[in-house]
Structures are given as structure tokens and as C-alpha cells.
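First the structure, which I've put down as C-alpha cells, then a few questions once you've had a look.
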Amino acid sequence: MARAFLIILDGGADRPVKELYFRTPLEVARKPMIDRLACEGACAIMYPIRPGVRPGSDTAHLAIFGYDPHVYYKGRGPFEAAGLGLDIKPGDVALRTNLGTVDDKGIVVDRRAGRYFSPDEIKEIENIMREVCEQVSKEFGVEIVYKHGTEHRGALLLRGEKISHEVSSNDPHKVGLPVKKIEPLVKKPEAERTAEILNRFVELASEKLRKAEFNERRKREGKPPANIILLRGAGVLPEVEPIYEKFKIRAAMVAGIALIKGIGKVLKFDVVDVPNYRGSRDDDFDAAFSTAVQLLANYDLVFLHVKPTDAYGHDGDPHGKINIIERVDRALAKVFDKIGDDVYIMITCDHATPVKVRDHTGDPVPLLLWGPDVQTDECMKFGERPCAKGVLGTVLGMDIMYILCNYMGKLEKFGE
Ligand code: ZN
Ligand code: ZN
């Protein structure tokens, strides 16, 4: 039975860049392997959600996996929590967390508290948070768990009666502004109580963090202390049919960041950890691609997520983006001969992160599909302009799984 290898270059698509003589990073990057696939295969442009909708990585991935984000997206927190290994269940409320720095007046001076923490510091942070969670649990009769992730990031999980995800964030999203109060977003007792619980959590956490030994050390070393916890992305787990039931396929995922891993876990992909693959700029693409290709022996669909293209888009750095695309191309070329000839390869992006905009836009993104019996077209390279000439035309994110399942022979006939 045919199989599929789906590669997403997160935020890989772009707009014409002046310093690249009005070409895009994908058009400029030297990527002979990917261009060969575009040349031999079928191309398209894709709107991840709908024309003009600016996708988050979470909503775009849900759509690409065949789950309508308008139905299934109920906040980012649950995916982050699942991706960090928290055992989130229906009814639980989860939030993303950042450790940050506030001055004596409660003004946020660093939303990431310097971003980097040593393993010892993280241990201390986790101990403090455990105490805070215990205290809040006692006061409100709910279960509350903090899990630290990479750098300044983490997740918070709330379990119990009468809680709601319909609460605001305390993150002002900009430095120089005071920390906000968490407010209920609806007039419901559950939302009011949840806001109260979370405000108490924030208060207790900053009280204990301010006194923490590691923060004294950080101050001596000239580093910003982590003395506030910023909460956002409150959400509940959507009730979804696992991908193996929805499409009758066994699916595996290779991803570096908690958000995408969490989506994979919630949809019941087998999520595989690769050492030195954490969604950072020095990700080991060779290791990720060789793991993905090994997985193709046992799965119908293997999904590989490439994060740093998006990070360089947010940084406004076209050359950083080009470099990642070229490294991905070399990593794919190295394993290409090991990919069986019954495998369909699809490469696309979850949205554009144009270097000029430094954020996600609702632009169409290029897509290629390569594999046995795929119709070829005039598109000879993978990029925004060439793919617009592709035989598959314009597709939506929600079409992707159906296009792949059609070629894999996994779809029932519609009608007689
Ligand atoms: Zn993205
Ligand atoms: Zn992004």
C-alpha cells in the first residue's frame, strides 16, 4: 500500500523581498532536490485556511490534518500542554506560560526573563511552582499542575469542577506596560472563578519567585530575574476523532516544538522525539529526516515539521530563511534513495511569514506533490511563482489529507 511523507516548512512562504531583487527566499534558495520533486511532480498553491485568513500554526496544522479549525480549535494552551507531556483530558483548562521580568512597579521589562535558564534554575522554578500549585489547589479545591518547557516557556493545567477557558491573559504583550489582571470573558460563574484561581496563582508565584535564591544569583550575574508568570492561550481539549479512525491510516510525527507535538498527540499521531530537534535554528535536520524515513516502513503517513523558517520570518531575516531551506534540501537529498518508490512526498507551508511583515499573513503558499503516477505540469521549481502554474490549481488546507489519501488508495468512492 502506498504511503505519504508530508513535510511542512513552517512560515516558509514569503512575499517578494527587495534585497533579493523581488524574489522570495524559496525562489532564491539553492534546493536542487526539492526543485527536482517539483519538476517531476504536480504543484499547486494552497490557502491553509481560506484566502486572506491569517493562520496561526495551530489552526493551520489542524486544517492540513483535515480537522476544521473553526470546529475543533478551542485555544492553544491544550496543545502546548500535551506537547510538554501533560496528560490533558476533556474538561481540563490549559494555558501557555512565560516567565518574565517586572520592575518594582509591576511594569513588564522583559517578557522572556532573558530567555535562557540553566537546568539547575529550571529545577528551582519547578519546585517553586509545585508549592504554588499545592497552595492554590488547597484554597480552591482544584487540581493545578505546572510543567516547564524550553527556555522561558511552560504550560499550566487546571482540572476540577466549575472551571472555564473563557478567561483573558495577564500578558500585556509589550514591554513597558503593567501586568494585566486576568478577567472572565463571559458572565459565567465558572469563568469568574477561573479568573480568580489564576490571579491567585500569578500572585503567589511572583511572591515566591521574588524571594527565590536563583533570582538573587541571576541579578548578581546581571541577568533579568524571573519574577512574574504570564499566562495566555487558555483553552480546552477539543473532542476529536483520532486520525487513524478519520482517515484509516497509521500516522507518525517528527516535530521539535511543543505546539505541533501536542497537536500530534491530541490527534493520536505517534509522536517521535529526535535528539537535537527542538525547533531551534541549529536543529539536526539529518537526524529528523533519517528518523522520518525509517518511520515510513511502519506508517501510512509520516509528518515532518520544520520550525526555523518561521522564526527567521519573524526576525525579518531572509538569508536565515534561505539557509534553513537549503539545509532541509540537503537533508532530504541524503535520504532520498532510501524512500521507497511507493511513497508520495508532499512539501508545503502552514502559512507565509513574510520577512517584511515579521508575522503570519493570509497569503497562498506553494505546494508540491511527487510520487508514482502523479500528473506533471509546467512547474519546474518549488516556489511561490512557479507553483501558481501547477496542475493541482488552488487548494485549501482542508483538502490536503484527501489529496494524499486519494493517491494512497485510502478513500471510499463517493457514489456508485
Ligand atoms: Zn506556522
Ligand atoms: Zn510564526
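Between region 240-263 and region 291-365, what's the alpha-carbon centroid distance in Å?
Distance between centres, Cα-based: 17 Å.
Out of G11, G222, G141, any idea which swings most in a Gaussian network model of the chain, alpha carbons joined below 10 Å?
G222
Out of region 1-43, which chymotrypsin sites (Phe, Trp or Tyr not before Pro) are coil in DSSP terms and have no more than 15 other C-beta atoms within 10 Å?
Y21, F22
Provide the per residue accessible area, probe 1.4 Å, for region 84-235, rounded to a whole number of square angstrom. Working shown, then result.
Numbers: 7620 Å² over 152 residues.
On a per-residue basis, region 84-235 sits at 50 Å².
Does region 139-280 come out rounded, prolate or oblate, given a ≥ b ≥ c as the square roots of the eigenvalues of its C-alpha gyration tensor, rounded meaning a/c under 1.5 and, failing that, prolate meaning a/b above b/c?
On the way: a/c = 2.44, a/b = 1.29, b/c = 1.89.
It is oblate, given that a/c is not under 1.5 and a/b is not larger than b/c.
Determine the share of the chain's accessible area contributed by carbon and sulfur atoms, expressed in whole percent, with a 1.4 angstrom probe. Kindly include the intermediate steps, with their values, before the conclusion.
On the way: 8960 of 18320 Å².
C and S fraction of accessible area: 49 percent.
While we're looking at this one, here's another question. Could you check the spin-label model distance between K187 and K211? Points 7 Å from the Cα along Cα→Cβ, value in nm.
Result for the modelled spin labels: 4.0 nm.
Work the Kirkwood hydrodynamic radius out for the chain: mean of 1/r over every pair of different alpha-carbon atoms, inverted, in Å. Each step should come with its number before you reach the end.
Values: mean 1/r = 0.0446 Å⁻¹.
That comes to 22.4 Å for the chain.
So what's the gap between the Cα centers of region 115-139 and region 92-112, to the nearest angstrom?
14
Can you tell me the length gained on complete extension of the stretch F414 to N276, counting 0.36 nm per residue apart and subtracting the Cα distance? Please list the in-between numbers first.
On the way: separation 138, 0.36 × 138 = 49.68 nm, distance 4.42 nm.
Full-extension gain reported as 45.3 nm.
While we're here: With all protein chains present and a 1.4 Å probe, how do F382, F336 order by accessible area, largest first? Kindly include the intermediate steps, with their values, before the conclusion.
Numbers: F382 0, F336 25 Å².
I get F336, F382, largest accessible area first.
Picking from I182, V145, V108, whose Cα lies most toward the positive end of the charge dipole for region 84-235 (charges on Cβ: Lys, Arg +1; Asp, Glu -1)?
Positive-end residue among those listed: V108.
Shifting gears a bit: Over the chain, calculate the relative contact order: mean separation of alpha carbon pairs under 8 Å at least 6 apart, over the residue count, as a percent.
Working: 982 pairs, mean separation 139.3, N = 416.
After rounding, I find 33 percent.
May I ask you to list the residues of region 1-25 whose amide nitrogen lies under 14 Å from a point 7 Å from Cα along the Cα→beta-carbon direction of K356?
Hits in region 1-25 for K356 at 14 Å: 14-25.
Classify region 9-116 as rounded, prolate or oblate, taking a ≥ b ≥ c as the square roots of the eigenvalues of its Cα gyration tensor: rounded when a/c is under 1.5, otherwise prolate if a/b is larger than b/c and oblate if not. Show your work: numbers first, answer last.
On the way: a/c = 2.52, a/b = 1.46, b/c = 1.72.
Here region 9-116 falls in the oblate category.
On a straight-distance basis, which lysines could pair with K89 in a cross-link, Cα separation under 19 angstrom, same-chain partners fewer than 8 positions away excluded?
Qualifying lysines at Cα under 19 Å: K74, K147, K162, K261, K265, K268.
Expressed as a rounded percentage, what relative contact order does region 144-236 have, with Cα pairs under 8 Å and six or more residues apart? Working shown, then result.
Details: 114 pairs, mean separation 24.2, N = 93.
Over region 144-236, the number comes to 26 percent.
Then there's this: Magnitude of the Cβ-charge dipole of the chain, K/R +1 and D/E -1, about the Cα centre, nearest 20 debye?
Working: 61 positive and 63 negative charges, 183 e Å.
For this selection, approximately 880 debye.
Between K338 and K174, how many nm apart are label points set 7 Å from Cα along the C-beta direction?
The answer from the label model is 4.9 nm.
So how far apart, in nm, are the two label points at E139 and E40 if each is 7 Å from Cα heading toward Cβ?
Result: 6.3 nm between the two label points.
Something else now. Let me spell out the model: positive unit charges on the Cβ of Lys and Arg, negative unit charges on the Cβ of Asp and Glu, origin at the Cα centre of region 57-178. What dipole size does that give, in debye rounded to 20? Provide the component values of the computation, followed by the final result.
Working: 16 positive and 20 negative charges, 57 e Å.
The dipole magnitude comes to about 280 debye.
The values are calculated or read from the model by the stated rules, or taken from the named source; none is laboratory data. Worth saying up front: this structure is predicted, and the values here are computed from it rather than measured. Methodologically, a virtual Cβ is constructed for each residue, glycine included, from the backbone with ideal geometry; neighbour enumeration extends over all protein chains shown. Calculation scope for accessible area: heavy atoms of the full protein, side chains included, ligands and nucleic acids excluded. Shrake-Rupley method; radii C 1.70, N 1.55, O 1.52, S 1.80 Å.
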